[in-house]
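No lab work stands behind these numbers, since they all come straight from the coordinates. A quick note: this is a predicted structure, and the numbers were derived from the prediction, not measured. Cβ coordinates were reconstructed from backbone atoms using ideal geometry, including for glycine residues, and neighbour counts include every protein chain displayed.
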Amino acid sequence: MASTVCLFEDALVSNFFPLVYFRPVYDLRCGITTLREKIRYAYPSARMVLLCRSYLADALKAKEPNHGVNKFPLDRCLLINGRVLADKNFSLKIPLSSKNDIVYVKGDTVVAAFVHGKALEKIAKNFTGIFSHSDFEGLPQKEVDVELVKYPWELVHANGAWIEKDFRAFVPAGKKIRGKVHTGVHIIGKKNVSIDSGAVIKPGAVLDAEEGPIYIGKKVQVFPNAVIVGPAAIEEGSMIKAGAQIYENTTIGPVCKVGGEVEESILQSYSNKQHAGFLGHSYLGSWVNLGADTNNSDLKNNYGSVKVPVNGSPVDTGLQFVGVTIGDHSKSGINTMFNTGTVVGVCSNVFGSGFPVKSIPSFVWGSTSEISTYELEKAIAVAKQVMNRRNVKMNSEEETLFRIVFEMTIGERKI
């Protein structure tokens, strides 16, 4: 019987709201791949089970019919924390199997645990969707040195290094340019550039991979005079608009449309920033749309450490550069300005003059002077319309998830 890897979430998943209201933490992207895909690469022969918060389970099952969701194997498994960034040596530090039960920890955090028999039965019986250290009480522990993320900005900060690691791991050797590159395209550092099949690079575009690799996925379109500076990853089906400036350490997820200036940022799938404006040191969820000339600050005027609101309290990032974090299905109007370290919840519409507040709740409509609740039925109707434009249909499980998250976030609004 094939060995099983079970990805799990722990209590610190709440640090990643609003990005994880609609997804498990291991489906966040960093580098070319998601955290889940990195773990899959570390254990290619293993069967994978997805453990998640209970309210996500039905939607995840509908999306991932070939994976067990919140369903433990009967005999044994290797449980792995979904906040792990697994490199090529991860499976050497944490083997797929062990003769005895063992818990791998980094400080107070459970990184992974190999369990079988009665220990597995007990863990499965007590499973509530979130694991804590106490779930593994009484089992032997071993300290390991692995990379774990605690906040969204850590994914942004690590993105460039992980584009390079993923490029070496996932991009096949040999012919790396399989798409169409028109005459008049300038490629610098060609050995560090991968252009997958179906991609089209138009005349006047510049791909500068001298300082880091550039990955162009399948069916990507790069319009004339766009500039991409590596390390950078443009995922399958995305479009880079004419004259766009995509600077280093940027990942643009599948089926995104991006123009203007982007630097050191991560976009999940189906998000748009089509027009002029600056996006820097930021993380956007899926189905986000930034109106023309939306800009964010990623550096304070005093060059000090940026504080970011997390679960209602400011957290000092210790970083000089932190941009905006925007949850799924949120939108900004034209000329919107986001202050340094702003967080925007899911399904919100931000517009108006001046800088909005730094913590914008989920399911709201407005900006600085007036803010109101975005009616749930209208939010769902708009989301369906947006998705239909990309030939994606919202299923009943996703609609139910919208309703659950609306109720979960009532406390944020306080309107």
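If the chain between Glu399 and Phe355 were fully stretched, how many nm would it gain, using 0.36 nm times the residue separation less the Cα-Cα distance? Numbers along the way, then the final one.
Working: separation 44, 0.36 × 44 = 15.84 nm, distance 3.18 nm.
Result: 12.7 nm gained on full extension.
Please give every one of the aspartates and glutamates within straight-line cross-link reach of Lys241, meaning a C-alpha to C-alpha distance under 19 Å, and leave out same-chain neighbours fewer than 8 residues apart.
Reachable aspartates and glutamates: Asp196, Asp208, Glu261, Glu263, Glu264, Asp293.
Glu375 to Ala173: FRET efficiency via 1/(1 + (r/R0)^6), r the Cβ-Cβ distance, R0 45 Å, to the nearest 0.05?
My answer for the efficiency is 0.25.
Over the alpha carbons of the chain, what is the largest minus smallest coordinate on each principal axis, giving the biggest first in Å?
Answer, in whole Å and largest first: 61, 58, 45 Å.
Normalised by the number of residues in the chain, what is the relative contact order in percent for Cα pairs under 8 Å and 6+ residues apart?
Working: 1092 pairs, mean separation 43.6, N = 415.
Relative contact order comes out at 10 percent.
Taking just the C-alpha trace of the range 275-415, give me its Rg and Dmax in Å.
Computed over the Cα atoms of the range 275-415, radius of gyration and Dmax are 15.2, 48 Å.
Below 8 Å between Cα atoms, with a sequence gap of 6+, how large is the relative contact order for the range 346-399 in percent? Display every interim value, and only then the final one.
Working: 54 pairs, mean separation 13.5, N = 54.
Once normalised by length, the contact order is 25 percent.
What does the highest-first list of 177-190, 15-28 look like by mean Cβ count within 10 Å? Mind showing how you got there, number by number?
Details: 177-190: 14.5, 15-28: 23.6.
In descending order of packing, they fall as 15-28, 177-190.
Within the set Lys150/Lys218; Lys218/Lys358; Lys300/Lys358; Lys38/Lys93, which residue pairs have Cα atoms separated by over 25 Å? The partial results should precede the final answer.
Details: Lys150/Lys218 31 Å; Lys218/Lys358 37 Å; Lys300/Lys358 13 Å; Lys38/Lys93 15 Å.
Distance filter (> 25 Å) returns Lys150/Lys218; Lys218/Lys358.
What relative contact order, as a whole-number percentage, does the range 95-146 give when Cα pairs under 8 Å and 6 or more residues apart are counted?
Details: 55 pairs, mean separation 23.9, N = 52.
Relative contact order, the range 95-146: 46 percent.
Excluding residues on the same chain fewer than 8 positions from Lys122, give the aspartates and glutamates whose Cα lies under 14 Å from its Cα.
Asp75, Asp101, Asp135, Glu137
Taking every alpha carbon pair in the range 4-150, what does the distance histogram look like in 5 angstrom bins from 0, in percent?
Calculated over all Cα pairs of the range 4-150, the distribution is 2, 10, 21, 25, 23, 14, 5, 0 percent.
Would you list, by chain and number, the lysines whose Cα falls below 22 Å from the Cα of Lys118, excluding same-chain residues fewer than 8 positions away?
Within the straight-line limit of under 22 Å, Lys118 reaches these lysines: Lys71, Lys99, Lys142.
By how many nm would the segment from Asp316 to Lys150 lengthen if fully extended, with 0.36 nm per residue of separation less the alpha-carbon distance?
On the way: separation 166, 0.36 × 166 = 59.76 nm, distance 1.28 nm.
Using 0.36 nm per residue and subtracting the Cα-Cα distance, I get 58.5 nm.
If Lys and Arg each add +1 and Asp and Glu each add -1, what is the summed charge of the other residues whose beta carbon sits under 12 Å from the beta carbon of Gln268? Intermediate values should be presented prior to the final figure.
Details: positive: Arg23, Arg29; negative: Asp27, Glu235, Asp328.
Once all neighbours under 12 Å are counted, the net charge is -1.
To the nearest 20 Debye, how big is the dipole of the chain about its Cα centre, given +1 on the beta carbon of each Lys and Arg and -1 on that of each Asp and Glu? Kindly include the intermediate steps, with their values, before the conclusion.
Values: 47 positive and 41 negative charges, 232 e Å.
Roughly 1120 debye, rounded to the nearest 20.
If Lys and Arg each add +1 and Asp and Glu each add -1, what is the summed charge of the other residues whose beta carbon sits under 14 Å from the beta carbon of Gly304? Show your work: numbers first, answer last.
Working: positive: Lys300, Lys307; negative: Asp298, Asp316.
So the surrounding residues net to 0.
Per residue Cα convex hull volume for the range 120-167, in cubic angstrom? Numbers along the way, then the final one.
Numbers: hull volume 6.7 nm³, N = 48.
Dividing the Cα hull volume of the range 120-167 by its residues yields 140 Å³.
Stretched out fully, how many nm does the piece from Ser45 to Ser97 gain, at 0.36 nm a residue minus the Cα gap? Mind dumping the intermediate values first?
Values: separation 52, 0.36 × 52 = 18.72 nm, distance 1.23 nm.
The span from Ser45 to Ser97 would gain 17.5 nm if fully extended.
Using a basic spin-label model with each label point 7 Å from the Cα along Cα→Cβ, how many nm lie between Asp293 and Ile188?
With each label placed 7 Å out from Cα toward Cβ, I get 3.1 nm.
Under 18 Å from a point placed 7 Å out from the Cα of Asp75 along the Cα-to-Cβ direction: which residues of the range 82-96 have their backbone N that close?
96
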